[in-house]
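Nothing in this text is a laboratory measurement; each read-out follows from the coordinates by a stated rule. Keep in mind the model is a prediction, meaning the values are calculated, not measured. As a convention, Cβ positions derive from the backbone with ideal geometry for all residues, glycine included, and neighbour counts pool all protein chains shown.
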Amino acid sequence: MLIVTPQIRIPESELEETFARAGGPGGQNVNKVSSAVRLRFDVRNSPSLPEPVRERLLRIAARRITAEGMLVIEAQRFRNQKRNRRDARERLAALIRRAAEPPKARRPTRPTAASKERRLARKRQRGEKKRMRREKPPDEV
């Protein structure tokens, strides 16, 4: 059981782990031990995720999600499989925790009188500059 928040818990049956040989340092065991972990979690069909969390997770982790809706996390930071498994699960939990936070509601604001005045003054200056660039009629020369 992966406990993400007090409300969100993911059973082991929803997590699929596969193991492979990792690149990088590993000493004598590097070609013998499958220490890299690929964790797959079906975001679209998981009964453990509330709908708003699912939608935010699909948006947040979009580039890590396959066409079938599987979130794939690869962990090969450590030399042993146990630590890589823990790392992959922690990264999954962190993503879900981030998706579980509802976004702040936007409070519409109005521009201040001073900012409106500054904007209009800049527009007047720019218009004046463009007016000065115009060719003068021949009778005014």
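Work out, step by step, the length gained on full extension between GLU90 and ARG9: first 0.36 nm times the residue separation, then minus their alpha carbon distance; give nm to one decimal.
Length difference between fully extended and current span is 27.9 nm.
If you compute mean projected area of the Cα convex hull in nm² for the structure shown, which of (1) 9.0; (2) 18.5; (3) 12.1 do you land on?
(2)
Count charges around GLN81 for me, please; just the other residues with Cβ under 11 Å from its Cβ, Lys/Arg as +1, Asp/Glu as -1.
Neighbourhood net charge equals +4.
If you line up the Cα atoms of the stretch 52-135 on their principal axes, what length do they span on each, largest first, in Å?
75, 33, 27
Can you give the helix-only mean residue ellipticity at 222 nm for the chain, where every DSSP H stretch with n ≥ 4 adds -39500 (n - 2.57) and the sum goes over all residues, rounded to the nearest 500 deg cm²/dmol? Don't skip to the answer; put the middle values down first.
Working: 3 runs with 51 residues, N = 141.
So the calculated ellipticity at 222 nm is -12000 deg cm²/dmol.
Using the Cα centre as the reference, give the magnitude of the dipole from point charges on the C-beta atoms of the stretch 2-100 (Lys, Arg: +1; Asp, Glu: -1; all else neutral), rounded to the nearest 20 debye.
In total the dipole reaches around 460 debye.
So, in nm, how far is label MET132 from label GLU17 when the simple model puts each one 7 Å beyond its Cα toward the Cβ?
7.2
Build a GNM of the chain with springs between Cα atoms under 10 Å: which of LYS123, LYS104, LYS82 gets the top mean-square fluctuation?
Maximum among the listed residues: LYS123.
With springs only between Cα atoms under 10 Å, which of GLY69, GLY127, GLY23 fluctuates most in a Gaussian network model of the chain?
Among GLY69, GLY127, GLY23, the largest GNM mean-square fluctuation belongs to GLY127.
Pick from ARG40, ARG126, ARG97: which is most flexible by mean-square fluctuation in a GNM of the chain where alpha carbon atoms under 10 Å apart are linked?
ARG126
Could you tell me the center-to-center distance, by alpha carbons, between the stretch 84-141 and the stretch 1-62 in angstrom?
Measuring centre to centre over Cα atoms gives 38 Å.
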